[in-house]
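The values are calculated or read from the model by the stated rules, or taken from the named source; none is laboratory data. Keep in mind the model is a prediction, meaning the values are calculated, not measured. Cβ atoms come from the backbone with ideal geometry, glycine included; neighbour counts cover every protein chain shown. Side chains are part of the model used for accessible areas, which takes the heavy atoms of the whole protein and leaves out ligands, DNA and RNA. Shrake-Rupley method; radii C 1.70, N 1.55, O 1.52, S 1.80 Å.
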Amino acid sequence: MNKTGDGIAPSAIPWQVSITNHWKPHFCSGVILDHKTVLSSAGCFKKLKSLKGIRVMAGDVNYKVGQNIGVRKLRFLSHNEDLVILKLVSSLHINENVLPACLPTFERNKQCYFSGWGENESLKWANIEVGDKCSQKEDILCTTNANQGLFGPKDGGGPLICTEGNNPVLIGIATSVSSQMTFSTVESHITWILQNMVRILCFSNMHI
């Protein structure tokens, strides 16, 4: 993916998924952690009564295309925290268009991105300036949404990615996408995330 410019993504963003159900073609985003594990915002699922019809789409700019896999289990971080793990019914096929994001281990780079579908079927991405902590909670980051024409509420659960070398490193998960964007930080919950992964799949030579 070219590192310059904002707008319509020219190709699939490999770690990005769309979460759908049988009455909503796209209601939230998520990010691939491994071939059977996706991380998203708990706010997308708090009113959900059943996993029937819930599916994850990966590997395409159009959320109606690509790999399409059901969800068998949700694992919430806790009642008051806005992160959830989705365990998939079967494995994603890992290829150049479907890859996991890396987990944070190093000092954060300034080059960061957010991506999502907004209100239509075209996947979009934009450069994001990572803000400071914006609440009394230590695990919340915020930034002004300078790209309101691109993103909206359906992009909750989407990934804040910062680059470290050639690695796409997952820094946060969007919990609110409006005039201000808020993110739950991944590093604050890294132990819980690792406990719910099948295995770590981080491709250090992947070029963004």
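Using θ = phi - 60° and the Karplus form 6.51 cos²θ - 1.76 cosθ + 1.60, what ³J(HN,Hα) does each residue of region 176-187 get, whole Hz, x for Gly and Pro?
Rounded to whole hertz, the list is 8, 10, 9, 5, 10, 9, 10, 9, 7, 7, 6, 4.
Excluding ligands and nucleic acids, what accessible area in Å² is computed for residue 150 using a 1.4 Å probe, to the nearest 10?
40
Enumerate the amide H contacts of residue 112 below 5 Å, restricted to partners 5 or more residues apart or on another chain; note that Pro and chain-start residues carry no placed amide H.
Those qualifying (amide H under 5 Å, at least 5 residues apart or on another chain) are 128.
To the nearest 10 square angstrom, what accessible area does residue 54 show with a 1.4 Å probe?
About 0 Å², rounded to the nearest 10.
Enumerate by residue number the trypsin sites (Lys or Arg not before Pro) in region 1-75 meeting two conditions: DSSP loop (anything except H, G, I, E, B), and at most 13 other Cβ atoms within 10 Å of the site's Cβ.
Sites meeting the loop and neighbour criteria: 3, 46, 47, 49, 52, 64.
Using the basic label-point model (7 angstrom from Cα toward the beta carbon), what is the residue 48 to residue 64 distance in nanometres?
2.2
Using 0.36 nm per residue of separation minus the Cα-Cα distance, give me the extension gain between residue 120 and residue 93 in nm, one decimal.
Fully extending the segment from residue 120 to residue 93 adds 7.2 nm.
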